[in-house]
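As structure tokens, the structure follows; a few thoughts come after it.
The values are calculated or read from the model by the stated rules, or taken from the named source; none is laboratory data. These figures come from a predicted structure and were not determined experimentally. Glycine gets a Cβ as well: all are built from the backbone with ideal geometry, and neighbour counts include every protein chain shown. The accessibility values were calculated without ligands, DNA or RNA, using every heavy atom of the protein model including side chains. Shrake-Rupley method; radii C 1.70, N 1.55, O 1.52, S 1.80 Å.
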Amino acid sequence: MILSDQPRRLHSLLRDQRVVAGIGRAWANEILHTAKLSPFARAQGLSPGHVRTLAEAIDSELERGLELRQRGAKDAKVYRIHDRLGEPCHVCGTPIARVDFEEHTIYYCPQCQTGGRVLKDRRLSRLLR
């Protein structure tokens, strides 16, 4: 199994084109929200049930996105989590949060994906020390 050998975080793993081709930052955000998994969760630690949920989320989100794109939908209509900082989650209403890195940004719902825990923003955390 691909995931059981990976100590990496799920968001990073999903974006790795050598592991899963065609998933970028935006779709990784959408997929992990649908799967209700933290972007910081380690791939190695996923239970078989979580692996199944992740696989189903990959299929359903990419299918949903392709269908919307074929109908001419733009990003604002396609993405429900990605680039929606502060907007209410379409599932629970909690404001969407983000974690900034130098090369990318992760968007997630603290309630749906991390049980209410806000993930640390490493760039901002360094400034606050």
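Details
- When residues of the stretch 95-112 are limited to those that are open to solvent by 40 Å² or more (accessible area, probe 1.4 Å) and outside any strand (DSSP E or B), the one farthest from Arg25 (Cα to Cα): Gln111
- Any hit, the stretch 23-40, residues being more than 25 Å from Leu68 (Cβ to Cβ) and among the polar types (S, T, N, Q): yes
- Every condition in (1) farther than 18 Å from Gly116 by Cβ; (2) in contact with a His (Cβ under 7 Å, 6 or more places away or on another chain); (3) open to solvent by less than 80 Å² (accessible area, probe 1.4 Å) holds for Arg25 except the one numbered (3).
- Residues in the stretch 28-48 that are modelled with pLDDT under 95 and not in a loop (DSSP other than H, G, I, E, B) were compared, and the one that is most open to solvent (accessible area, probe 1.4 Å) is Arg42.
- Which listed residue is hydroxyl-bearing (Ser, Thr, Tyr), over 21 Å from His104 (Cβ atoms) and under 14 Å from the mean Cα position of the chain (by Cα), from Ser60, Ser38, Ser47, Ser12: Ser60
- Test: residue in the stretch 63-74 that is closer than 24 Å to Asp16 by Cβ and of a type in the set (A, V, I, L, M, F, W, C): yes
- Unique residue being exposed (fewer than 11 other Cβ atoms within 10 Å of the Cβ), touching a strand residue (DSSP E or B) at 6+ places or on another chain (Cβ under 6 Å), modelled with pLDDT of 95 or more and part of a loop (DSSP other than H, G, I, E, B) when the list is Gly72, Gly86: Gly86
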